[in-house]
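What follows is a short report on a single structure.
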Amino acid sequence: MPIKKSAYKELRKAKKRHVRNLTVKTELKTLTKKFSSLISAKKADEARLFLKTLTSKMYKAASKGIIHKNTASRKISRLTKKLLSSAKA
């Protein structure tokens, strides 16, 4: 256990950040699954609009340090590729 007051405060801050980060990560996973379900349902127009919101949320999470910048870019790239391949088919 921490001895100093500042160490207790850091623990409290870490817990708050952990909860905030978990909620954002969970939201991103949920949105990604919803995007995949739109693609499998052959709703390309809705998926294209949904990808915009998903992209902005991913980049925002990356800017806040919740996920790494390259991870966000990689996931967005793969989702875009999935959308384009479904549109061709």
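Run the Debye formula on the Cα coordinates of the chain, all scatterers equal and no solvent, and tell me log10 I(q)/I(0) at q = 0.14 1/Å.
-0.57
Mind telling me which of Lys15, Lys52, Lys60 comes out most flexible in a GNM of the chain, alpha-carbon contacts under 10 Å?
Most flexible of the set in this elastic network: Lys15.
Going down the list Lys5/Lys57; Lys16/Lys82; Lys43/Lys69; Lys13/Lys82; Lys13/Lys81; Lys4/Lys60, which pairs span over 31 Å between their C-alpha atoms?
As for pairs spanning more than 31 Å Cα to Cα, those are Lys5/Lys57; Lys16/Lys82; Lys13/Lys82; Lys13/Lys81; Lys4/Lys60.
With no solvent and one point on each alpha carbon, what is the Debye value of log10 I(q)/I(0) for the stretch 46-89 at q = 0.14, 0.15, 0.30, 0.32 Å⁻¹?
Result of the Debye calculation: -0.33, -0.37, -1.01, -1.08.
How far apart, in nm, are two points set 7 Å out from the Cα along the Cα-to-Cβ line at Lys34 and at Arg78?
2.0
Using a simple charge model, +1 on the beta-carbon of Lys and Arg, -1 on the beta-carbon of Asp and Glu, nothing else, what dipole does the stretch 46-89 show about its Cα centre, in debye to the nearest 20? Could the numbers behind the result be given before it?
Numbers: 12 positive and 1 negative charges, 22 e Å.
Dipole of the stretch 46-89, to the nearest 20 debye: 100 debye.
Taking +1 at the Cβ of each Lys and Arg and -1 at the Cβ of each Asp and Glu, which of Leu22, Asn70, Ala87 sits farthest along the dipole of the chain towards its positive end, judged by Cα position relative to the Cα centre?
Checked the options; the winner is Leu22.
Alpha carbon centre of the stretch 43-57 versus the stretch 11-32: separation in Å?
22
How big is the charge dipole of the chain about its Cα centre, in debye rounded to the nearest 20, if each Lys and Arg gets +1 on its Cβ and each Asp and Glu gets -1 on its Cβ?
Working: 27 positive and 4 negative charges, 83 e Å.
It comes to approximately 400 debye.
Pick from Lys64, Lys16, Lys33: which is most flexible by mean-square fluctuation in a GNM of the chain where alpha carbon atoms under 10 Å apart are linked?
Lys16
Which one, Tyr8, Thr53, Phe35, projects farthest toward the positive side of the charge dipole computed for the chain from Cβ point charges (K/R +1, D/E -1)?
Farthest towards the positive pole: Tyr8.
Quick note: the coordinates plus some simple rules give every number you see, no bench work behind them. For clarity, every value in this text was computed on a predicted model and none was experimentally measured. A quick note on method: Cβ atoms are made from the backbone with ideal geometry, for glycine too, and the neighbour counts reach across all protein chains shown.
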